[in-house]
Amino acid sequence: MLHMRGVMEIWDREHECMPRVELEQLQLERLQATLHRAFKNVTCYRNKFTKESIDPDDITSLSDLARLPFTTKEDLRLNYPYGMFAVPLREVVRIHSSSGTTGKPTVVGYTKNDIRTWSNLVARFMTAAGVTHDDVVQIAFGYGMFTGAFGLHYGAEAIGASVIPMGGGNTEKQIMIMQDYRSSVLVCTPSYAMTIADRMEQLGIEPKSLSLKVGLFGGEPWSEAMRTEIENRLGIMATDNYGLSEVIGPGVAGECRYKCGMHIFEDAFIPEIIDPESCEVLPPGSVGELVITTLTKEAFPMIRYRTRDITSLDYEQCACGRTHVRMKKTMGRSDDMLIIKGVNVFPSQIEEVLVAMEGCEPHYQLVVERKGSVDILEVRIEVTENIFFDEMKMQRAFMEKVQRKIESVIGVGVTVRLVEPKSIPRFEGKASRVIDNRKI
Ligand code: DLL
């Protein structure tokens, strides 16, 4: 494999650029193998298929996939901890769990081969963002049960880059290491990248004085406006990558340098978009919930897993040469979606407005209350220090402007409250921006 900066690199050209006819043939073969293994080894799948009178041999084309039942987080909970594993525990070399906040976590396992597959999938999007063996990669995700740090760590090592396993938090030390070790790639959540940028500004450190070139951000939704802000403040190119523990962790999809959607690695996953209400499969280009079937995983195959993430798929070929479909930045999760006075609102829509507005920081919080039977959405925003006006009149005009902009985008009334600079909590991992005080 050739590694030179400036040359458009592809980690696994054979699979990433496979003509779609061949790709679909490969998907079908791998799907059939996965279904047989899941049916034979995982009681949950066997029961679900049997209930629908489906035999794996009935699935003879990719369109037959739509006949199979979905898998949900609830299935994983019911089979806690190891019930969904398709191999005996002695073949499992790693256990992770999802970052769920309620109840028992969902447990996922990897065989030795799965770890190899995972490393190569992550190496694909890291290479696509321009990372090479000459890079020094600072991983600022938390190590532990979260898949983010280990996934990116393995991908970077597979490429041959020098990995600094910093872990999350301790922002000043992150910055010191970045300076002293000349880190060229930063890996973390986009909200933590903002926290690092804030701290650097406070410490008077110029991004130009660092060696940082590329940021690989993922693990939570973030807007295009947020990307521009991070790129300008850290002086880097920022790319997005997507994944979820149930499916493999990071390494499901990632952007190339054209930054026009994240390529889903279709030789390893089949994506579908469904209507989250009716569960019907929607035609290409529609916005809906992403459903994923794994094609290469041994320990933890997932068949039609409902991710709850809302996005759309673009099958037009990308200028980078990869043939794999691109998913748009997610609008959020169907379960994060707020329903305010009956209108669906995604926090990311509000973020787009705020980040694009002069004087607003991308630090915000949404607070929902119910007064009587009426929902009230309050948008709390930090303003930049120079715009924390003393003059009431200016402040009111500014608030009204922000309010009108948000209302025109989300189509529902909001109240805007300006809060002092640095008063909204900063995040070292995934941001949590919504406080829903309604007791519904
Ligand atoms: O967040 C895996 C990951 C780690 C992906 C690091 C990328 C980088 P979980 O903790 O299981 O796994 O959370 C998965 O996070 O269903 C999405 O809702 C959200 N998510 C992950 N990446 C993105 C992204 C990891 N790039 C859940 N954009 C997913 C939007 C994302 N949402």
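Is it true that some residue in the stretch 216-238 is more than 8 Å from the ligand (Cβ to nearest atom), in a loop (DSSP other than H, G, I, E, B) and either outside the structural domain of Ile95 (by TED's automatic domain parsing) or modelled with pLDDT under 95 (or both)?
yes
Just to be sure, is Thr34 among the β-branched types (Val, Ile, Thr), closer than 24 Å to Glu266 by Cα, surrounded by 15 or more Cβ atoms within 10 Å (Cβ to Cβ) and at pLDDT 95 or above?
It is true that Thr34 is among the β-branched types (Val, Ile, Thr), closer than 24 Å to Glu266 by Cα, surrounded by 15 or more Cβ atoms within 10 Å (Cβ to Cβ) and at pLDDT 95 or above.
Looking for something within 16 Å of the ligand (Cβ to nearest atom) and touching a strand residue (DSSP E or B) at 6+ places or on another chain (Cβ under 9 Å) - is there at least one such residue anywhere in the stretch 197-210?
no
Would you point out which residue out of Ala356, Ala431, Ala397 is at pLDDT below 90, in contact with a Lys or Arg (Cβ under 9 Å, 6 or more places away or on another chain) and not acidic (Asp, Glu)?
Answer to the check: Ala356.
Specify which of the listed residues (Gly321, Gly288) is more than 9 Å from the ligand (Cβ to nearest atom), surrounded by fewer than 19 Cβ atoms within 10 Å (Cβ to Cβ) and small (Gly, Ala, Ser).
Gly321
Counting just the residues of the stretch 138-157 that are aliphatic (A, V, I, L, M) and either under 15 Å from the mean Cα position of the chain (by Cα) or more than 16 Å from the ligand (Cβ to nearest atom) (or both), which one comes out nearest to Gly251 (Cα to Cα)?
Top of the filtered list is Leu152.
Determine which single condition Val379 fails, assuming it passes every other condition in (1) farther than 19 Å from Thr239 by Cα; (2) within 16 Å of the ligand (Cβ to nearest atom).
For Val379, the failing item is (2).
For the stretch 80-94, does any single residue satisfy the condition of being small (Gly, Ala, Ser), touching a Gly at 6+ places or on another chain (Cβ under 8 Å), in contact (Cβ under 8 Å) with a residue 24 or more places away in the chain and crowded, with 19+ Cβ neighbours inside 10 Å?
No, the stretch 80-94 contains no residue that is small (Gly, Ala, Ser), touching a Gly at 6+ places or on another chain (Cβ under 8 Å), in contact (Cβ under 8 Å) with a residue 24 or more places away in the chain and crowded, with 19+ Cβ neighbours inside 10 Å.
Just for the stretch 239-254: of the residues that are of a type in the set (A, V, I, L, M, F, W, C) and more than 6 Å from the ligand (Cβ to nearest atom), which one is nearest to Ile264 (Cα to Cα)?
Ala253
Inside the stretch 10-19, can you point out the residues that are surrounded by 14 or more Cβ atoms within 10 Å (Cβ to Cβ) and charged (D, E, K, R)?
Scanning the stretch 10-19 gives Asp12, Glu16.
Which of the residues spanning the stretch 134-148 are buried (at least 18 other Cβ atoms within 10 Å of the Cβ) and under 15 Å from Ile95 (Cβ atoms)?
Within the stretch 134-148, Phe146, Thr147 meet the criteria.
Where the second residue is part of a loop (DSSP other than H, G, I, E, B) and more than 10 Å from the ligand (Cβ to nearest atom) and the first is of a type in the set (S, T, N, Q) and lies in the stretch 138-152, which pairs have Cβ atoms under 9 Å and are six or more apart or on separate chains?
The qualifying pairs are Gln138/Pro165; Gln138/Met166; Gln138/Tyr181; Gln138/Ser183; Gln138/Ser184; Gln138/Leu212.
Which pairs do you get when a residue that is more than 17 Å from Glu24 (Cα to Cα), found in the stretch 47-67, comes within reach of a residue that is outside any helix (DSSP H, G or I), reach meaning Cβ atoms under 6 angstrom, with the pair 6+ apart or on two chains?
Lys48/Pro69; Glu52/Pro69
Can you name the condition, by its number, that Thr323 falls short on among (1) at pLDDT 85 or above; (2) not assigned by TED's automatic domain parsing to the domain that holds Arg20?
Here Thr323 meets the rest and fails (2).
Of all residues being away from the ligand (no atom under 15 Å from the Cβ) and either outside the structural domain of Ala66 (by TED's automatic domain parsing) or surrounded by fewer than 21 Cβ atoms within 10 Å (Cβ to Cβ) (or both) in the stretch 256-266, which is nearest to Gly285 (Cα to Cα)? Just the residue, please.
Selected residue: Tyr258.
Would it be correct to say that Leu186 is farther than 22 Å from His96 by Cβ and more than 19 Å from the chain's Cα centre (by Cα)?
For Leu186, the condition - farther than 22 Å from His96 by Cβ and more than 19 Å from the chain's Cα centre (by Cα) - is not met.
For Ser162, work out the one condition from (1) away from the ligand (no atom under 15 Å from the Cβ); (2) surrounded by 22 or more Cβ atoms within 10 Å (Cβ to Cβ); (3) closer than 29 Å to Cys260 by Cα it doesn't fulfil.
Here Ser162 meets the rest and fails (2).
The values are calculated or read from the model by the stated rules, or taken from the named source; none is laboratory data. Quick caveat, the model's predicted, so the values are computed rather than measured. Methodologically, a virtual Cβ is constructed for each residue, glycine included, from the backbone with ideal geometry; neighbour enumeration extends over all protein chains shown.
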